[in-house]
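The values are calculated or read from the model by the stated rules, or taken from the named source; none is laboratory data. Only a predicted model underlies this, so the values are computations on that prediction, with no experimental measurement involved. Here Cβ is always computed from backbone atoms with ideal geometry, including for glycine, and neighbour counts include all displayed protein chains. All accessible areas refer to the heavy atoms of the entire protein, side chains included, with ligands and DNA or RNA removed. Shrake-Rupley method; radii C 1.70, N 1.55, O 1.52, S 1.80 Å.
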Amino acid sequence: RNDTMIKVFFASLFVASHGFTTNINTAAFFSSKLARNSHSHSDAQSSSQLYMSTISSSSTTKTKKETTIAAVPKLGQRWRKSTKQVATLGPASDSKEMIEKLFLAGVDVFRLNFSHGSQEQKKGLLDIIRELEDKYSHPIAILGDLQGPKLRVGEFSNPDGEILDDGQTFRLDLDTAKGDKSRVRLPHPEIIGASEVGHNLLVDDGKVKLEVIGTGDGYLDCKVINGGRIKDRKGVNTPDSVLEISALTPKDRSDLEYMLGIGVDWVALSFVQRPSDIEEILELIDEHTPNGLFKPAVMAKIEKPSCFIGDSLEKIVELCDGIMVARGDLGVECAPEDVPLLQKQIIDCCRDQGKPVVVATQMLESMIESPTPTRAEASDVATAIYDGADAIMLSAESAAGKFPEESVNMQQRIINRVEGDDHYRRLISSTPVSFKNTATDAIIVAASQIANTVQAKALVCFSLRGSTVLSASRGRPGVPILAISPFKETARQLSISWGVYPELPKTGSFVYQIDEDEMFDYDSPVTEEATDDFDLVLRNACRAALRKGLVSDPNDLLVVTAGIPFGTPGAANVIRMVPAAGPNCWDGICRID
């Protein structure tokens, strides 16, 4: 009798969680079939499909409410991945239909590049994403990317520019006259002031390389090391100099204030040279965030060699909330053979401090024009995943390419293939991670070990601002991390972190009551009474795990961490094992009060 009761309760929980109404006979029929399914994590999809067929074939079925992919995980692989996907929106992907396709194909975070387009256009894209979030009951993060300073040469008299020869002398100066084969204006006195004899300057993404051989008041004399054509307003990189300029231009400050007003979840800062650049943007965010709104998380884009001087990288990671390995400019200013090593160094530093890291730039570059990537590109994406990146990003592939949806699908295929490799699991779990001597880290380490020992289906973390969840993600447990926060903003920010399945909260509280008329619509429902707030919180955790497709059987176990009393930031002092059937059930027996 007890075994039947737990199955009926689990079935009713499944029905209620997915927004359907039916009677207890349908629930019992489904539960008897569900109990015969395999207990493995991968069977959640088949269980959901079985439920759908049961609902459609039952003569007792009432009105079917609208459901979502997030509620019924038909596309199992879309929701079964640890490495997250970031996609840039642009002309090829700015329609509501395409954004929805990209989301269903695997995108967890959408990047809005403020280097292009108007502020109002970005607000329109944000509104579309928020609509999708509500439709699919799944948190989606929005990353606003600031342009940063653009260092460029001036204009030439010849509209086609000039061809510089290897070995010739070429001057960069502050003269406003148009340039010729011997000189051109460099309207950045900070570059002239910071450059020394022997320093290199790179023009047009490194196509032209100059070496400083002389300096003076308002000019630099250079020797052309690698010649080529130089045209109007081509970019200049300074790999050997730390410039005394802010990472935030007047345009960036305006864009940042706009981002704070519309509520982006992450802000990416370009042209980071030193830790003080992070301190500057944090002060601006504190000053300009409207009252009542959450502050966005700050992501530093590592693209300058100066970030690796001394302990600068460690301090930058410590100050910000996440890191982007911006391999475009990093690949220009550093030797190509150094970039893979720097990528690993950055990822290791972020993992050591428990900060999410995104690997970006030219990951599937050929898919701008082709429906399939090169083998080298596929290997590059896989390498970032093997390195332990939290997320991988598409830039022009999804923003301006001919195959944005195919690019996202390809990323997801590579993720699933790598994460299914035994070597990947051994590599990730063997990477040493030193935890802090805190109660939170102690609880997370113990909970992860328990989850692996009992083969739990998920590690459930209750967290106000995500610190407990980030600690769990840092340890790379062998089970999914179900993150439950009372704040949508926290859930969205956690969408970028490895292995985290954030739940979209319904209210601003852990302990939300669900109307029985809404949850159960059949005669004589079998329910359990919550004995206290924590009991109700655990019930909600079971429902969330079911909605995410993380459990497929009433006896599936969840390992739950929480902080008592609720509402204490950073508190984690409780571990509880709970079967998917609910906190009042254990080993096939349920207490029905």
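Pick from region 140-154 the residues that are assigned to a loop (DSSP other than H, G, I, E, B) and within 32 Å of the chain's Cα centre (by Cα): which of them is surrounded by the fewest Cβ atoms within 10 Å (Cβ to Cβ)?
If we take residues in region 140-154 being assigned to a loop (DSSP other than H, G, I, E, B) and within 32 Å of the chain's Cα centre (by Cα), then LYS150 is surrounded by the fewest Cβ atoms within 10 Å (Cβ to Cβ).
Residue by residue, here is whether (1) assigned to a helix (DSSP H, G or I); (2) open to solvent by less than 10 Å² (accessible area, probe 1.4 Å); (3) touching a residue at least 40 places away in the same chain (Cβ under 8 Å) holds:
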site	(1), (2), (3)
VAL224	no, yes, yes
ARG229	no, no, yes
ASP240	no, no, yes
ALA247	no, yes, yes
ASP255	yes, yes, yes
GLU279	yes, no, yes
LEU282	yes, no, no
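Would you confirm whether or not region 474-495 contains a residue that is acidic (Asp, Glu), closer than 30 Å to SER95 by Cβ, touching a residue at least 60 places away in the same chain (Cβ under 8 Å) and open to solvent by 20 Å² or more (accessible area, probe 1.4 Å)? Explain how you work it out, then say what you get.
Pass one, region 474-495, residues acidic (Asp, Glu): 489.
Okay, now just the ones that are also closer than 30 Å to SER95 by Cβ, so 489.
Going one step further and asking which of them are touching a residue at least 60 places away in the same chain (Cβ under 8 Å), we end up with 489.
If we keep only those that are open to solvent by 20 Å² or more (accessible area, probe 1.4 Å) as well, we get 489.
Yes, there is a match, as at least one residue in region 474-495 is acidic (Asp, Glu), closer than 30 Å to SER95 by Cβ, touching a residue at least 60 places away in the same chain (Cβ under 8 Å) and open to solvent by 20 Å² or more (accessible area, probe 1.4 Å).
Looking at region 445-473, which of its residues are in contact (Cβ under 8 Å) with a residue 24 or more places away in the chain and over 21 Å from the mean Cα position of the chain (by Cα)?
Those that are in contact (Cβ under 8 Å) with a residue 24 or more places away in the chain and over 21 Å from the mean Cα position of the chain (by Cα): VAL445, ALA446, ALA447, SER448, ILE450, ALA451, ASN452, VAL454, GLN455, ALA456, LYS457.
Please go through region 290-317 and give me each residue that is farther than 27 Å from GLU333 by Cβ and touching a Gly at 6+ places or on another chain (Cβ under 9 Å), ordered by number.
Taking region 290-317 and keeping what is farther than 27 Å from GLU333 by Cβ, we get 290-296.
Within region 290-317, PRO290, LEU293, PHE294, PRO296 meet the criteria.
From the list ARG185, ARG111, exactly one residue is of a type in the set (Lys, Arg) and farther than 30 Å from GLU405 by Cα. Which is it?
So the residue among ARG185, ARG111 that is of a type in the set (Lys, Arg) and farther than 30 Å from GLU405 by Cα is ARG185.
If a residue must be open to solvent by less than 10 Å² (accessible area, probe 1.4 Å) and either of a type in the set (S, T, N, Q) or out of contact with any Pro (no Cβ under 8 Å at 6 or more places or on another chain) (or both), how many such residues does region 257-277 contain?
Going through region 257-277 one residue at a time, the tally reaches 6.
Just for region 426-437: of the residues that are among the hydroxyl-bearing types (Ser, Thr, Tyr) and open to solvent by 60 Å² or more (accessible area, probe 1.4 Å), which one is farthest from LEU470 (Cα to Cα)?
It comes out as SER430.
Can you tell me which residue among GLN121, GLN77 is outside any loop (DSSP other than H, G, I, E, B), at pLDDT below 95 and more than 16 Å from ARG492 (Cα to Cα)?
Testing whether each residue is outside any loop (DSSP other than H, G, I, E, B), at pLDDT below 95 and more than 16 Å from ARG492 (Cα to Cα) leaves just GLN77.
If the Cβ limit is 6 Å and pairs must be 6+ apart or interchain, which residue in region 566-590 that is under 24 Å from VAL445 (Cβ atoms) pairs with which residue that is at pLDDT below 85 and among the charged types (D, E, K, R)?
Close Cβ pairs (under 6 Å, with a partner that is at pLDDT below 85 and among the charged types (D, E, K, R)) amount to PRO583/ASP535.
Quick check on ASP175: is it part of a loop (DSSP other than H, G, I, E, B), closer than 30 Å to PHE114 by Cβ and not basic (Lys, Arg)?
No.
Looking only at region 291-308, how many residues end up being without any contact (Cβ under 8 Å) to a residue 40 or more places away in the chain and open to solvent by 50 Å² or more (accessible area, probe 1.4 Å)?
Of the residues in that region, 4 qualify.
Of the residues SER115, SER157, SER93, SER137, which is touching a residue at least 40 places away in the same chain (Cβ under 8 Å), open to solvent by 20 Å² or more (accessible area, probe 1.4 Å) and of a type in the set (Gly, Ala, Ser)?
After applying the criteria, what remains is SER137.
Might you let me know whether region 531-545 holds any residue that is of a type in the set (D, E, K, R), open to solvent by less than 60 Å² (accessible area, probe 1.4 Å) and modelled with pLDDT of 85 or more?
yes
Write out, first by first residue and then by second, each pair whose Cβ atoms fall under 9 Å of each other, whose residues are 6+ apart or on separate chains, and whose first residue, in region 194-205, is more than 12 Å from LEU172 (Cβ to Cβ) while the second is surrounded by fewer than 13 Cβ atoms within 10 Å (Cβ to Cβ) and among the acidic types (Asp, Glu).
That search, which allows pairs on different chains as well, returns ALA194/GLU244.
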